[in-house]
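Heads up, the thing below is written out as structure tokens.
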Amino acid sequence: MKAKNKNTVKNNATIESVESTSDVLTGRGGLILFVRYLTAIGILGRMQDWFGFIRKSSKGQPVAEIFKQLWCFFVDGTSRHLVYFDTLAKDEGYARGIETDPADMLSSHAVKRFFKALLLPMGWVFRSVLLELFVWRLNIEKPNMIMLGIDSMVMDNDEAQKRHGAAPTYKKVKGFQPLQMTWGRYVIDAIFRSGDRHCNHGNDTVRMIKRVVDKIHKSYRADVPIVVRMDSGFFDQKVFDYCEKQHIGYICGGKIYDDIKQFIQNTDKSFWFLLNQPDQVWEFVEFGDRRNSWSRYRRAFYCRPMYQGRQMVFDFARPDTVIYTNIGTDVVLDKRLIQSSGNDLLSAQWIIKAYHYRGADELVHRAFKDFGFEALPFLRFHQNAAFYYTMLIGFVLFESFKTDVCAAVIAVSTYASTLRRKLIDIAAKIVRHAGKTVLKVSRAIFEELRFDILWGRSASPPATL
């Protein structure tokens, strides 16, 4: 008797054919939570107030609706090409899932016309939106001390041969290099720049610090201590002078000049101290330094790591660092820091640890690129600038959404690609019965994600704009 071929055995789970359905289905069932959150916090109405004047005809979509669909496009993350809007316009399930009438879905041509209407000076309006979102988060989280990070971020557009502003960067690719200021997981201000603008180009850094600090003092608290941490690319006396004048703390990397090397070589071992951290042990010495063009001495630390992984590093192979700060030398700033968190914030250990944890600020840039994309779609610089700012505001809203809505189910540190897989890309069915529209998901998804809790939280944010 011949052996049965297991591949030919049929059971009740075997799919034997495929058909279409008229049911309204969507594969992005989690997007509705994000849309409900946008409506609840009031951002759509605020965007209409800020940008509504660019709408010249009542035939097109309201500006708030355009921004909503753009942010959903970024959160969806399926494609970075604008022609994908044409595909979405044909998907009734997607439209219903973001609470938009299918007839009001944007085409790729409508998106291009929208960004063409956003001229270069509109960058100031976008930056004002970012600051408003920052103040909104400050009033929710109410920090006693504000630690800001400032750095440039390279956006690789090397494949674009004629894109305006896509110039060679220090990473040896052509692209853009916006200057960004971060607070925790949020980007709170940004200047979109061509790739050949270095970190501390012109007066961009001082102006950005002034703009953000003035906003904090005006809209949050005038006495809150503020500390800005920067790498050696911002080692500049005019930045230090401004911070000292305004009693703003700074922790900045410096350059290791020959006279500093000579001083360190002649420093007795008794002046060196150790800073023990779970992942590293730092050896450091504190001194006062005054460069030739400086009018005063500044507090400085020369530090070097003791280990690389689990292996101790020889003295000659250690990557040394010089750190400059005004913490501990500014009476007004020190008083504010002590009142907020105690004397520990003035110690050498806290300052060195704060500088070396500056890598957390760079993780925000990585999260932003994971949320959006580096390659921008337009030829003209001002259109790419508007697209970048729209994507950046969407990223801040997405991070707020994770904190206010998803924290009960998904860690707030989760990258966008992971959250899309767990929460956004879920199958759902949209039906009408008993006179109302209902979104249905499978029982397993409903219970695993505690969808009823997410549904309630998405419509009940901690505060509105």
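The modelled label-to-label distance between T418 and D320, using points 7 Å beyond Cα along the C-beta direction, is 3.9 nm. Considering only L274, H356, P305, and ranking their Cα positions along the charge dipole of the stretch 232-357 that arises from unit charges at the beta-carbon of Lys, Arg, Asp and Glu, the one farthest toward the positive end is H356. Using C-alpha pairs below 8 Å separated by at least 6 residues, the relative contact order for the chain is 22 percent. Considering only Cα atoms, the convex hull volume of the stretch 375-416 works out to 63 Å³ per residue. Over the stretch 342-461, Cα pairs under 8 Å with separation of 6+ residues give a relative contact order of 19 percent. Within the same chain, lysines fewer than 8 places from K59 are excluded, and of the rest, those with a Cα less than 24 Å from its Cα are K68, K90, K112, K116. Its alpha carbons give the stretch 89-213 an Rg and a Dmax of 18.3, 50 Å.
Rounded to the nearest 20 debye, the dipole magnitude of the chain is 880 debye, with +1 charges on Lys and Arg beta carbons, -1 on Asp and Glu beta carbons, and the Cα centre as origin. With R₀ fixed at 51 Å, the C-beta to C-beta distance from A427 to R296 puts the FRET efficiency at about 0.20. Report the residues of the stretch 20-49 in range of a label on T437: point 7 Å along Cα→C-beta, backbone N strictly under 17 Å from it. Correct set: 23-40.
For the chain, the convex hull drawn through the C-alpha positions has a volume of 228 cubic angstrom per residue.
What relative contact order, as a whole-number percentage, does the stretch 232-357 give when Cα pairs under 8 Å and 6 or more residues apart are counted?
Worked out over the stretch 232-357, it gives 25 percent.
Using bins of 5 Å that start at zero, the share of Cα-Cα pairs per bin across the stretch 232-357 amounts to 2, 9, 20, 22, 20, 14, 8, 4, 1, in whole %. The residue list A367, G184, I216 was ranked by how far each Cα lies along the charge dipole of the chain toward its positive end, using unit charges on Cβ atoms, and A367 comes out on top. Membrane-span-like helices in the chain, defined purely by DSSP H runs whose alpha carbon atoms cover 24 Å or more axially and whose average Kyte-Doolittle hydropathy reaches -1.0, are 123-141, 381-404. Dividing the convex hull volume of the alpha-carbon atoms in the stretch 338-465 by its residue count gives 216 Å³ per residue.
Helical content of the chain, expressed as a calculated mean residue ellipticity at 222 nm, amounts to -12000 deg cm²/dmol (DSSP H runs of 4 or more residues, -39,500 (n - 2.57) each, divided by residue number, nearest 500).
Only the coordinates and a few stated rules stand behind these numbers; no lab work does. Worth saying up front: this structure is predicted, and the values here are computed from it rather than measured. Note: ideal-geometry Cβ built from the backbone for every residue, glycine included; neighbour counts use all protein chains shown.
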